[in-house]
Amino acid sequence: MKNKIYSLLGFAARSNSLVFGKERIRGYIRSNREKKLVIIATNASERIKRDIKTRCESFGVKAIEIFTKEELGKLIGKEEITAFGIENDGIIDGILKNLGGK
């Protein structure tokens with residue numbers, strides 16, 4: 001399951017379908033997109049996790065914790081990344097399906 005999700009995230013990265021950076025993630029959460037999914041690193045600080053999850057809950061956005069900052073960073077060619085949003089509906093559906101969710 002995790003390998004399939006990691007592959008989907010890799011495809012999202014290669015197709016420039018990821019939104020990252022504090023302000024861009026906040027804008028993504030507030031956006032009018034129908035499908036939204038935020039990925040948060042498992043080893044992100046509790047303060048950052050709480051901030052992102054609170055914002056997601058306010059706007060009805062699904063947020064999941066999976067992979068480490070280093071693993072997520074490797075997907076986009078950075079040392080580490082704490083969180084990002086996904087802009088590709090098919091990839092969002094694939095990830096949620098692999099998690100056994102909606």
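Every listed requirement among (1) in contact with a helix residue (DSSP H, G or I) (Cβ under 6 Å, 6 or more places away or on another chain); (2) surrounded by fewer than 20 Cβ atoms within 10 Å (Cβ to Cβ); (3) modelled with pLDDT of 95 or more is met by Ile76 save one, (3). Is it the case that segment 17-34 has a residue that's surrounded by fewer than 17 Cβ atoms within 10 Å (Cβ to Cβ), small (Gly, Ala, Ser) and in contact (Cβ under 8 Å) with a residue 60 or more places away in the chain? No: segment 17-34 contains no residue that is surrounded by fewer than 17 Cβ atoms within 10 Å (Cβ to Cβ), small (Gly, Ala, Ser) and in contact (Cβ under 8 Å) with a residue 60 or more places away in the chain. Checked against (1) in a loop (DSSP other than H, G, I, E, B); (2) under 13 Å from Tyr6 (Cα atoms), Glu71 passes all but a single condition, namely (1).
Filter segment 17-36 for residues that are under 13 Å from the mean Cα position of the chain (by Cα) and not in a strand (DSSP E or B) and give the result. Within segment 17-36, Ser17, Phe20, Gly21, Lys22, Arg24, Ile25, Arg26, Tyr28, Ile29, Lys35, Lys36 qualify.
Tell me, please, whether a residue that is modelled with pLDDT under 95, in contact with a Phe, Trp or Tyr (Cβ under 9 Å, 6 or more places away or on another chain), closer than 17 Å to Lys22 by Cα and in a loop (DSSP other than H, G, I, E, B) can be found in segment 37-51. Checking segment 37-51: not a single residue is modelled with pLDDT under 95, in contact with a Phe, Trp or Tyr (Cβ under 9 Å, 6 or more places away or on another chain), closer than 17 Å to Lys22 by Cα and in a loop (DSSP other than H, G, I, E, B). Against the test of being touching a helix residue (DSSP H, G or I) at 6+ places or on another chain (Cβ under 6 Å), modelled with pLDDT under 95, surrounded by 13 or more Cβ atoms within 10 Å (Cβ to Cβ) and hydrophobic (A, V, I, L, M, F, W, C), the options Ile66, Ile86, Ile5 yield a single qualifying residue, Ile5. Among the residues of segment 41-59, are any touching a residue at least 40 places away in the same chain (Cβ under 8 Å) and surrounded by 14 or more Cβ atoms within 10 Å (Cβ to Cβ)? Yes, some residue in segment 41-59 is touching a residue at least 40 places away in the same chain (Cβ under 8 Å) and surrounded by 14 or more Cβ atoms within 10 Å (Cβ to Cβ).
When segment 77-102 is filtered for residues that are more than 22 Å from Glu46 (Cβ to Cβ) and of a type in the set (Val, Ile, Thr), the ones remaining, listed by number, are Ile86, Ile91, Ile92, Ile95.
The values are calculated or read from the model by the stated rules, or taken from the named source; none is laboratory data. This is a predicted model, so every value here is computed, not measured. Counting neighbours? That spans all protein chains shown, and the Cβs are built from the backbone with ideal geometry, glycine included.
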